[in-house]
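Novice: One structure, as structure tokens, below. Some questions next.
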Amino acid sequence: MDPNVEKFMARVKARNPFEPEFHQAVQEVAESLVPFIREHPKYEHARILERITEPERVLLFRVPWINDKGDVEINKGYRIEMNSAIGPYKGGLRFHPTVNLSILKFLAFEQVFKNSLTTLPMGGGKGGSDFDPKGKSDNEVMRFCQSFMTELCRHIGPNTDIPAGDIGVGGREIGYLFGQYKRIRNEFSGVLTGKGLEWGGSLIRPEATGYGAVYFAEEMLHTRGDSLKGKVAAVSGSGNVAQYTIQKLIQMGGKAVTLSDSNGTIYDPDGIDEEKLAWVMQLKNIRRGRIREYADQFGCQYLEGKRPWDMKCDVAFPSATENEIGKKDAETLVNNGCKVISEGANMPSTPDAVEVFLRSKILYGPGKAANAGGVAVSGLEMTQNNMRLPWGREEVDNRLQTIMKNIHQTCVNFGTGTDGFVNYVKGANIGGFVKVADAMLAQGVV
Ligand code: NDP
Ligand code: 2IT
């Protein structure tokens with residue numbers, strides 16, 4: 001490791017103990033940025049790297065609520081306001097039992113670079129709770145969301161901090177959160193994105209992350225004169241990102257053969273078509289069941305406790321969660337002929353898996369570039385809220401496609417090596433950094 005990266009990381013680890021996911025995200029970025037900053041000493045003098053890894057503000061609060069049995073339950077609530085150099089804090093909320101400070105700080109840190117890459121004026125933030133929506137009734141979820149927002153509402157606002165969804169937070173949760181914000185603040189505003197269409201939401205926002213990850217994969221393939229047409233894809237997860245990744249893949253002539261959740265993977269070599277996908281959406285979004293049921297319904301293989309990465313594929317779309325592809329998985333993917341990884345999830349590949357992808361010189365699109373379509377359309381939702389005028393489907397989708405193309409080009413500009421190989425990790429990290437760093441320089445030591 002570059003001794004300067006080592007020195008920098010020793011300091012980050014000492015100042016942020018017991019935060020392994022945060023260390024992992026920072027180290028990946030530092031490995032790209034330290035050599036770049038060495039060539040641009042203005043950033044070093046202003047200690048931008050040290051400042052950008054320190055959140056502007058961390059909020060941590062109690063979320064008490066009453067379950068259906070009448071018992072009091074207590075969860076932790078968080079909001080990390082990471083960086084506001086180029087716009088108000090923007091980023092999702094995650095409700096999952098594994099949520100802790102380390103995970104939210106890694107997500108908020110990634111968000112700063114991702115949001116900058118979209119070219120829209122959005123700073124970075126992330127929040128959430130260790131609340132587990134699984135097995136909870138709608139009323140319990142509503143009471144939890146109301147309690148969570150009762151505290152959060154004093155810290156956020158349409159020009160201050162604009163949360164959205166992430167794992168465990170979809171249309172239902174955004175609705176309950178929005179209702180409580182409006183009630184307490186007596187204000188109908190664009191304080192959250194991912195809203196329903198009837199009350200300030202944007203067309204294509206639900207689809208945006210998955211669609212964007214597919215557009216990004218297509219752009220990467222174009223650099224090698226290829227396309228997604230006829231390609232077999234392994235997709236992990238079965239939530240928002242996985243579902244719309246598959247929808248767009250079908251439209252572009254690809255074939256998705258896997259889906260998963262935290263219990264296991266289904267493998268459907270015939271391909272998940274429109275009809276099967278509609279069934280999955282009903283299963284996951286309405287009935288809130290497990291992916292195992294797909295295998296019973298359509299008579300295919302279910303691999304209990306397994307991830308999709310042993311399945312032969314041309315393209316992989318990890319769309320579940322962080323560190324879901326380890327070194328062995330990466331080697332299996334590459335050995336089985338996988339040529340493209342487009343990360344719908346945030347940081348789904350471990351550092352040694354990333355190393356395998358980069359060494360193999362396959363097309364590897366890291367999350368902060370490949371999954372930026374979601375927050376990009378969130379930015380477009382904010383624009384429409386401010387104009388008080390909604391755009392049509394095609395308008396939003398065209399803008400999303402243009403944004404994904406531009407992000408790809410930024411990665412190419414900053415990530416192409418002397419041998420012509422595009423290191424999208426380096427490209428995304430430096431491309432995302434420059435705008436934020438220059439804004440921080442211009443705004444003084446704040
Ligand atoms: P959802 O809650 O809709 O779906 C999450 C899916 O991932 C579920 O199938 C879930 O399975 C699975 N999953 C979650 N945690 C784990 C785990 N620890 N191990 C195995 N499987 C797991 O979330 P999204 O689809 O919105 O998010 C998926 C990923 O995409 C996350 O990394 C998120 O940060 C990222 N992302 C999301 C964006 C968005 O707009 N929603 C934007 C950019 C990135 P189970 O039901 O068993 O929990
Ligand atoms: O990780 C992400 O980019 C998101 N969960 C979406 C954030 C947003 O504000 O739309």
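The values are calculated or read from the model by the stated rules, or taken from the named source; none is laboratory data. Just so we're clear, the structure is a prediction, and the values are computed from it rather than from any experiment. Neighbour counts are summed over all protein chains in view; Cβ atoms, including those assigned to glycine, are modelled from backbone coordinates with ideal geometry.
Novice: Could you list, in sequence order, the residues of the stretch 155-164 that are near ligand 2 (Cβ under 10 Å from one of its atoms) and either surrounded by fewer than 22 Cβ atoms within 10 Å (Cβ to Cβ) or of a type in the set (A, V, I, L, M, F, W, C) (or both)? Full working, then the answer.
Specialist: Step one: filter the stretch 155-164 for residues near ligand 2 (Cβ under 10 Å from one of its atoms), giving 162-164.
If the condition is that a residue be near ligand 2 (Cβ under 10 Å from one of its atoms) and either surrounded by fewer than 22 Cβ atoms within 10 Å (Cβ to Cβ) or of a type in the set (A, V, I, L, M, F, W, C) (or both), then I162, A164 are the ones that fit.
Novice: For the stretch 141-161, indicate whether the set of residues that are under 18 Å from the mean Cα position of the chain (by Cα) and modelled with pLDDT of 95 or more is non-empty. Lay out the reasoning, then the answer.
Specialist: First pass over the stretch 141-161, keeping only residues under 18 Å from the mean Cα position of the chain (by Cα): 161.
Applying the additional criterion that residues be modelled with pLDDT of 95 or more yields 161.
Yes, some residue in the stretch 141-161 is under 18 Å from the mean Cα position of the chain (by Cα) and modelled with pLDDT of 95 or more.
The rows are residues; the columns are (1) more than 28 Å from A376 (Cβ to Cβ); (2) surrounded by 17 or more Cβ atoms within 10 Å (Cβ to Cβ).
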| site | (1), (2) |
| --- | --- |
| A25 | no, yes |
| L33 | no, yes |
| R38 | yes, no |
| K42 | yes, no |
| R57 | no, no |
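Novice: Wholly within the stretch 203-303, which helices (runs of 4 or more DSSP H) include no fewer than the required count, namely at least 1 residues that are hydrophobic (A, V, I, L, M, F, W, C) and buried (at least 21 other Cβ atoms within 10 Å of the Cβ)? Can you show your working first?
Specialist: Details: elements: 205-222, 240-251, 274-281, 292-298.
The qualifying helices (runs of 4 or more DSSP H) are 205-222, 240-251, 274-281.
Novice: Name the pairs whose Cβ atoms lie under 7 Å apart, with the first residue in the stretch 297-326 and over 22 Å from K231 (Cα atoms), the second part of a strand (DSSP E or B) and more than 13 Å from ligand 1 (Cβ to nearest atom), and 6 or more positions between them or separate chains?
Specialist: These pairs meet every condition: L303/Y267.
Novice: Another question, then. Could you grab me the full set of residues in the stretch 86-105 that are buried (at least 24 other Cβ atoms within 10 Å of the Cβ) and over 20 Å from M142 (Cα atoms)?
Specialist: Y89, K90, G91, I103, L104, K105, listed by residue number.
Novice: So, one more: Which of the residues belonging to the stretch 165-195 are surrounded by fewer than 24 Cβ atoms within 10 Å (Cβ to Cβ) and in a strand (DSSP E or B)?
Specialist: none
Novice: State whether the residues of the stretch 306-322 include one that is out of contact with any helix residue (DSSP H, G or I) (no Cβ under 7 Å at 6 or more places or on another chain), part of a helix (DSSP H, G or I), surrounded by 21 or more Cβ atoms within 10 Å (Cβ to Cβ) and hydrophobic (A, V, I, L, M, F, W, C).
Specialist: no
Novice: Might you check whether a residue that is over 13 Å from the mean Cα position of the chain (by Cα) and over 23 Å from H23 (Cβ atoms) occurs anywhere in the stretch 351-360? Before the answer, list the steps.
Specialist: Kept after step one, since they are over 13 Å from the mean Cα position of the chain (by Cα), are these residues of the stretch 351-360: 351-360.
If we keep only those that are over 23 Å from H23 (Cβ atoms) as well, we get 360.
The answer is yes; a qualifying residue exists.
Novice: Exactly one condition in (1) surrounded by 24 or more Cβ atoms within 10 Å (Cβ to Cβ); (2) more than 12 Å from ligand 2 (Cβ to nearest atom) is not met by N115; state its number.
Specialist: (2)
Novice: Looking at the stretch 109-122, I want the residues that are farther than 19 Å from Q409 by Cα and have a partner that is more than 13 Å from ligand 1 (Cβ to nearest atom) and assigned to a loop (DSSP other than H, G, I, E, B) with Cβ atoms under 6 Å, at least 6 apart or on another chain. Which pairs are those?
Specialist: Between residues of the stretch 109-122 that are farther than 19 Å from Q409 by Cα and residues that are more than 13 Å from ligand 1 (Cβ to nearest atom) and assigned to a loop (DSSP other than H, G, I, E, B), the close pairs are M122/G87.
Novice: Taking only pairs six or more apart or across chains, which ones have beta-carbon atoms under 8 Å, a first residue in the stretch 197-210 that is aliphatic (A, V, I, L, M) and within 12 Å of ligand 2 (Cβ to nearest atom), and a second residue that is modelled with pLDDT under 95 and in a helix (DSSP H, G or I)?
Specialist: Short answer, once both residue conditions are applied: none.
Novice: Considering only the stretch 359-404, state which residues are in contact (Cβ under 8 Å) with a residue 12 or more places away in the chain, under 17 Å from T223 (Cα atoms) and loosely packed, with under 15 Cβ neighbours inside 10 Å.
Specialist: K361
Novice: Based on what the data block shows, is G168 closer than 16 Å to M142 by Cα, in contact with a Lys or Arg (Cβ under 8 Å, 6 or more places away or on another chain), within 15 Å of ligand 2 (Cβ to nearest atom) and modelled with pLDDT of 95 or more? Reasoning before the result, please.
Specialist: Numbers: closer than 16 Å to M142 by Cα: yes; in contact with a Lys or Arg (Cβ under 8 Å, 6 or more places away or on another chain): yes; within 15 Å of ligand 2 (Cβ to nearest atom): yes; modelled with pLDDT of 95 or more: yes.
Yes: the conditions hold for G168.
Novice: Let me confirm something: among E31, E21, which residue is touching a Ser or Thr at 6+ places or on another chain (Cβ under 7 Å) and part of a helix (DSSP H, G or I)?
Specialist: Values: E31 fails: touching a Ser or Thr at 6+ places or on another chain (Cβ under 7 Å).
It is E21.
Novice: For R94, are the conditions met, namely being within 16 Å of ligand 1 (Cβ to nearest atom), farther than 15 Å from H155 by Cα and in a strand (DSSP E or B)? It would help to see each step written out before you state the result.
Specialist: Values: within 16 Å of ligand 1 (Cβ to nearest atom): yes; farther than 15 Å from H155 by Cα: yes; in a strand (DSSP E or B): yes.
Considered against the rule, which asks whether it is within 16 Å of ligand 1 (Cβ to nearest atom), farther than 15 Å from H155 by Cα and in a strand (DSSP E or B), R94 comes out as yes.
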